[in-house]
Amino acid sequence: MSRHQYSGNALIEVLHTAQELFGYLSPPLLKTIAHKLKLPPSRVLGVATFYHFFSLKPKGEHTFVVCVGTACYVAGGFSLVAKLEHRCAKAGHTTPDGKVSVETARCIGSCGLAPAVIYDGNVLARVTPDCIDAELNKIGVK
Amino acid sequence: MTTEELRDKQSEEVARQQALSNRILCCTAAGCISCGADGLRHALNAEVESKGLAGKVEVCGTGCMGMCSRGPLVYSSADHKLFGTVTPADAPLLITPDGAHLAQRAIDLQEPFFSRQTKIVLANSGRVDPEKLTDYIAVGGYQSLAKALDEMTSKEVVEEVKKSGLRGRGGAGYPTGLKWELVAKQIATPKYIVCNADEGDPGAFMDRSVLEGDPHRVLEGMAIAGYAVGAQQGYIYVRGEYGLAIQRLQTAIKQAEREHLLGARILDQGFQFRIDLRIGAGAFVCGEETALIASIEGKRGQPRQRPPYPPASGLWGQPTLINNVETYANIPPIIERGGDWFSTIGTASSKGTKVFALAGKIANTGLIEVPMGMTLREILFDIGGGIPNRKFKAAQTGGPSGGCIPEQLLDTPVDYESLAKIGSIMGSGGLIVMDDSSCMVDVARFFMEFCMDESCGKCIPCRAGTVQMHDILRRITTGEASDADLEMLKSLATLLKETSLCGLGQTAPNPVVSTLRYFPEEYETHIREKRCPAGRCNCSPAPQEASA
């Protein structure tokens, strides 16, 4: 925050850094940020909930982000979401044991590789529901 | 660095590259990286080391070479050959080519995919290492900025851009020269330059590829714009999802500042220009210019009423020039070769080239650049290589704001006016091909769901209208809708178009309107016969029994 001179204009940058450091934005964290940047807490919460990138809940040990952009939609991205929802948790949620988070993304710009999934930060190309099964079995999901 | 030093550095680097016995270019754009390009590059480097060829053979990572469907791609400069689907095990054969093994994976550079393209924006992508400033200088980088500062007044720069006929590549196609003139005329200071790299359209990856493959080109274009309109500060608003692009831009900005190509006293002259990055956080509406400005200011990305337009009152209420990545990337060649040269390419009203991201059901997925005025049929069947196995149904341009183009209109030339006439838009350049396994009603529903999620909620037509339209479309796909719903859908489409505050709401009905116009029979089959011709939707009798 000091890098941005505690300026309210830098709120989004600060939230980015905070999420990188802590994994997610907890309510006390948001309150601290609001206090330090001299912004109303409502404004900070408003911004944090407006943008998809910020997460207010902790993430699981492994994260699957399924791209549901147009190219992946045409290539069958939703069958992958269905697979993950069937085996793990609903999109946007984490399994109760905190093992796997399932998310969807609005196009990750890898349309040449559709359907694409980001699994723990790595882009998997031309994914089929069977690939998902294989990855889930590897990490021991029932 | 002075202009002379810049030229010296260029000839020095060109001489060094020519002295090498081979330069092996390895595509390290996002597409090839996810097919294993990083491992391949390490294997190539290790091979060069182990054979003691360091200093003779150089391995470079480059930006996107275009043919993403055949990645990872490697280009060998010595024998001018491009190879596809290369694995690390192939490294020894590439360093000392014995040809026989790899020949079958060589890609013919005379294929229409390559020969039909005209590269201006992507000229360096796939040729230079985006992480090395010297590579960009070797191909004449920053010479246009030098030319503008040394030989031209800022007014002359604006005139040159006007003469070129360049129009905004973000989608709407506003003449770039006029926009620059508007900002240049403003008396208030400071002025700001903003580069819109919030490429939110699903199915589009042009800006990402330009930023990843040739970041210095965009910085140079922005600096020239700064000089032309009298601004000293620029911002690039880039999507948070584009990690690699962000990292390469940060490197490029640092390198350029170190060599005085950005920052204070650029090229040892009085002009100063700084560029900072602003990272977006995943909101489609931030591609709208007033929402983007709000987001740079650290607020929610909600658009506001225009006028005043950003050239009069933009960032922090100051005159602001906003252009798209591809627009800025067009500037250095225009300054270097002149507006007259640029205006010879393209059609009467749409000059230059356009970059398209080909995706969906097409043989050659990847990144292409074609002159304006080429027909969609040429793009899809000559360059794109056609649709594998099944029958073509529709091409979608312009993302959620665009339309679906049916087969009978494939001979439409690609320019701003022609596409608008058939109910689509140029958009930023996503071009998605669908075959007969796609249901057009479900496609319309998919885009409406997108707009519904992405609506910022400020104005009611968009906030409530997208929800209503999505609900009707959903009921059509599940076989619960009636003819009255179809009428309601049409009237809502007009309502949204005419009363929404910003582009998102105004264009949200486009996919619905265009599919209703070209594929009305699909809607009717869903509603009257309760079945999906493409077999995609589940119009099962269950919900009907419940309603009956």
*In region B:167-195, the residues that are among the hydrophobic types (A, V, I, L, M, F, W, C) and touching an Asp or Glu at 6+ places or on another chain (Cβ under 9 Å)*: B:VAL194
*Hey, among the residues in region A:125-142 that are surrounded by fewer than 11 Cβ atoms within 10 Å (Cβ to Cβ) and not aliphatic (A, V, I, L, M), which one's nearest to A:ALA82 (Cα to Cα)?*
A:ASP130
*Taking region A:1-29 as the region of interest, how many residues are within 14 Å of chain B (Cβ to nearest Cβ), under 22 Å from the mean Cα position of the chain (by Cα) and surrounded by 13 or more Cβ atoms within 10 Å (Cβ to Cβ)?*
12
*asked:* For the structure I just gave you, tell me whether A:VAL66 is outside any helix (DSSP H, G or I) and either among the hydroxyl-bearing types (Ser, Thr, Tyr) or in contact (Cβ under 8 Å) with a residue 40 or more places away in the chain (or both).
replied: yes
*Residue check: is B:LEU102 within 25 Å of the chain's Cα centre (by Cα), more than 23 Å from B:GLU326 (Cβ to Cβ) and not assigned by TED's automatic domain parsing to the domain that holds B:PRO215?*
no
*Could you please find all residues in region B:205-242 being surrounded by fewer than 24 Cβ atoms within 10 Å (Cβ to Cβ) and among the polar types (S, T, N, Q)?*
B:GLN232, B:GLN233
_Please go through (1) surrounded by fewer than 20 Cβ atoms within 10 Å (Cβ to Cβ); (2) over 26 Å from B:MET152 (Cβ atoms); (3) in contact with a strand residue (DSSP E or B) (Cβ under 9 Å, 6 or more places away or on another chain) for B:ILE345 and return the number of the only condition it doesn't satisfy._
(2)
*Could you list, in sequence order, all residues of region A:104-124 that are within 17 Å of B:GLY243 (Cβ to Cβ) and surrounded by fewer than 22 Cβ atoms within 10 Å (Cβ to Cβ)?*
A:ALA105, A:ARG106, A:ILE118, A:TYR119, A:ASP120, A:GLY121, A:ASN122, A:VAL123, A:LEU124
_Matching residues, region B:506-524, being surrounded by 17 or more Cβ atoms within 10 Å (Cβ to Cβ) and either assigned by TED's automatic domain parsing to the domain that holds B:GLY423 or in a helix (DSSP H, G or I) (or both)_ = B:GLN506, B:THR507, B:ASN510, B:PRO511, B:VAL512, B:VAL513, B:SER514, B:THR515, B:LEU516, B:TYR518, B:GLU522, B:TYR523
*Only one residue in B:VAL59, B:VAL48 is surrounded by 14 or more Cβ atoms within 10 Å (Cβ to Cβ), under 15 Å from B:LYS132 (Cβ atoms) and more than 13 Å from every other protein chain (Cβ to nearest Cβ). Which one?*
B:VAL59
*Somewhere in region B:310-330, is a residue free of Cβ contacts under 8 Å to residues at least 12 places away in the same chain, closer than 21 Å to B:GLU220 by Cα and part of a loop (DSSP other than H, G, I, E, B)?*
no
_Enumeration of residues in region B:210-247 that are away from chain A (no Cβ under 14 Å) and among the basic types (Lys, Arg)_ = B:ARG217
*Which residues, taken from region B:31-62, are in contact with a Gly (Cβ under 9 Å, 6 or more places away or on another chain) and part of a strand (DSSP E or B)?*
B:THR62
*Right, B:ASP435: surrounded by fewer than 23 Cβ atoms within 10 Å (Cβ to Cβ) and free of Cβ contacts under 8 Å to residues at least 40 places away in the same chain or not?*
no
*Output the residue which, of all residues in region B:463-484 that are touching a Leu at 6+ places or on another chain (Cβ under 9 Å) and closer than 15 Å to B:TYR523 by Cα, is surrounded by the most Cβ atoms within 10 Å (Cβ to Cβ).*
B:LEU473
*asked:* Just to be sure I understand the filter: pairs with C-beta atoms under 6 Å, separated by 6 or more residues or on different chains, first member in region B:24-35 and farther than 15 Å from B:PHE205 by Cα and away from chain A (no Cβ under 12 Å), second member of a type in the set (S, T, N, Q) and surrounded by fewer than 23 Cβ atoms within 10 Å (Cβ to Cβ). Which pairs pass?
replied: B:ILE24/B:SER76
_Inter-residue pairs, beta-carbon under 8 Å, first more than 7 Å from chain B (Cβ to nearest Cβ) and in region A:104-123, second hydroxyl-bearing (Ser, Thr, Tyr) and buried (at least 24 other Cβ atoms within 10 Å of the Cβ), 6+ apart_ = A:ALA116/A:SER110
_Please go through (1) touching a Ser or Thr at 6+ places or on another chain (Cβ under 8 Å); (2) surrounded by 19 or more Cβ atoms within 10 Å (Cβ to Cβ) for A:PHE54 and return the number of the only condition it doesn't satisfy._
(1)
*Provide a single number: the residues in region B:384-416 that are away from chain A (no Cβ under 14 Å) and either part of a helix (DSSP H, G or I) or over 30 Å from B:CYS462 (Cα atoms) (or both).*
10
*Give just the number: which of (1) within 30 Å of A:GLU103 (Cα to Cα); (2) among the acidic types (Asp, Glu); (3) in contact with a strand residue (DSSP E or B) (Cβ under 8 Å, 6 or more places away or on another chain) does B:GLU212 not satisfy?*
(3)
*Out of the residues in region B:342-374 that are of a type in the set (Val, Ile, Thr), part of a loop (DSSP other than H, G, I, E, B) and under 27 Å from A:ALA116 (Cα atoms), state the one that is farthest from the other protein chains (Cβ to nearest Cβ).*
B:ILE362
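The values are calculated or read from the model by the stated rules, or taken from the named source; none is laboratory data. Computed from a predicted structure; not experimentally measured. For neighbour counting, all protein chains shown are included, and Cβ atoms are generated from backbone atoms with ideal geometry for every residue, glycine included.
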